[in-house]
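First up is the structure itself, then whatever we jot down about it.
No lab work stands behind these numbers, since they all come straight from the coordinates. Computed from a predicted model, the values in this text were never measured in an experiment. When we count neighbours, we look across all protein chains shown, and the Cβ atoms used for this are built from the backbone with ideal geometry, even at glycine.
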Amino acid sequence: MGKVYIVGAGPGDVELLTLKALKIIQNADVILYDRLVNEEILNFSKKDAQLVYVGKEDGKHTIPQEEINRLLYKYALTYDTVLRLKGGDPFVFGRGSEEALYLSERNIEYEVVPGITSAIAVLAYAGIPVTHRGISSSFRVVTGHEAPDKENSSIDWESMKADETLIFLMGLHNIDKIMKKLIEIGKDPKTPVAVIQSGTTLNQRVVVGTIENIVELSKDLQPPSIIVVGEVVKLREKIAWFEKVIQYQNFGI
């Protein structure tokens, strides 16, 4: 019986992959990977590794989560090293915990390897810190998949009135509803907002606006995108750096 590694591949930039993750990728017999994993990372796998795509798009799984769980179990019965590779961190809206529970219930050995979460790294590449002294002393990471008008929501919207940084992952398709909900609970419509597409990659795009106009300003962006709400967004104007890196690379500097 083999071992399953539930591993975070980071937010997109290949160089943000951890050394531990790299070592496991290089030795894995089977790799089940998600859509948000930079496929350049798969080039580190050994030649005879079996690569299995199990990603999802717009909330639709190519393979249902229950089937992914069963695949992990099946491969663990056959191969020594099975890798479940996820974008970002496997325990931040990555269903890594569900897979760990499934394996634990079946006495399959597993290990979880954290990855750099996009919730922090993508903002950093956009020149937006999640906290800043005198501006924001806390931040909240919220799923953007759940519609704000959903009955029996598990999201405590009312508590978002505080002056903390709000980070919505996978929320571009719900951005209109999210902004309306923030206004509804009393957030100032002039509160700064940024939407970051394909963060940490050379395809990164950043649009900055406010709660009241960001929907219109970001209409041409595509997933994967992250939404950040809060005064820290204003700091981007002075500390944005990644665009300069891209410019230098484009001109061969």
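Rounded to the nearest whole Hz, the Karplus-based 3J(HN,Hα) values (6.51 cos²θ - 1.76 cosθ + 1.60, θ = phi - 60°) of the stretch 185-202 follow the sequence 7, x, 5, 5, x, 8, 4, x, 9, 10, 10, 10, 9, 6, x, 6, 10, 5, with x at glycine and proline.
The ranking of D89, D34, D176, D156 by Cβ neighbour count inside 10 Å, starting from the fewest, reads D156, D176, D34, D89.
The GNM of the chain, with springs linking C-alpha atoms under 10 angstrom apart, assigns the highest mean-square fluctuation among G144, G230, G186 to G186. Quick one: if the Förster radius is 35 Å, what FRET efficiency do T131 and K46 give, using the C-beta to C-beta distance and rounding to 0.05? For T131 and K46, the calculated efficiency is 0.30. A cut-off of 5 Å between modelled amide H atoms, ignoring neighbours fewer than 5 places along the same chain, links L51 with I31.
Put in line by how crowded their Cβ is, counting other Cβ atoms within 10 Å and starting with the fewest, D188, D220 read D220, D188. Remark: the stretch 128-137, residue by residue, has Karplus-estimated 3J(HN,Hα) of 10, x, 6, 9, 7, 4, x, 10, 8, 9 Hz, where x stands for each Gly or Pro and the curve is 6.51 cos²θ - 1.76 cosθ + 1.60 at θ = phi - 60°.
Note on the chain: with a GNM built from Cα contacts shorter than 10 Å, the maximum mean-square fluctuation among L36, L19, L123 falls on L19. Here the spin labels are modelled as points 7 Å beyond Cα on the Cα-Cβ line, and at E98 and E151 they lie 2.3 nm apart.
Each residue in K3, K46 was given a count of other beta-carbon atoms within 10 angstrom of its own, and listing them fewest first yields K46, K3. Under a crude label model (7 Å from the Cα following the beta-carbon direction), how far is Q65 from W241 in nanometres? For Q65 paired with W241, the spin-label model returns 3.6 nm. Which residues does a label at N107 reach in the stretch 63-87, if reach means a backbone N under 15 Å from a point 7 Å past the Cα toward the Cβ? The answer is 77, whose backbone nitrogens lie closer than 15 Å to the label point.
Considering only L77, L172, L85, the Gaussian network model of the chain with Cα springs below 10 Å gives its largest mean-square fluctuation to L77. Near the amide H of V113, within less than 5 Å, lie the amide hydrogens of I6, V7, G8, all on another chain or at least 5 residues away, with H placed in the peptide plane.
Only one of the values (i) 40; (ii) 33; (iii) 20 was calculated from this structure for percent of Cα pairs over 30 Å apart; name its label. Identified label for the calculated read-out: (ii).
Decide, for the stretch 104-252, between rounded, prolate and oblate: order the square roots of the alpha carbon gyration tensor eigenvalues as a ≥ b ≥ c, take rounded if a/c falls under 1.5, and otherwise choose prolate if a/b is larger than b/c, else oblate. Oblate is the answer for the stretch 104-252, as a/c is 1.5 or above yet b/c matches or exceeds a/b. Checking the a/c ratio against 1.5 first, then a/b against b/c, what shape does the Cα gyration tensor give for the stretch 3-113? In terms of gyration-tensor shape, rounded.
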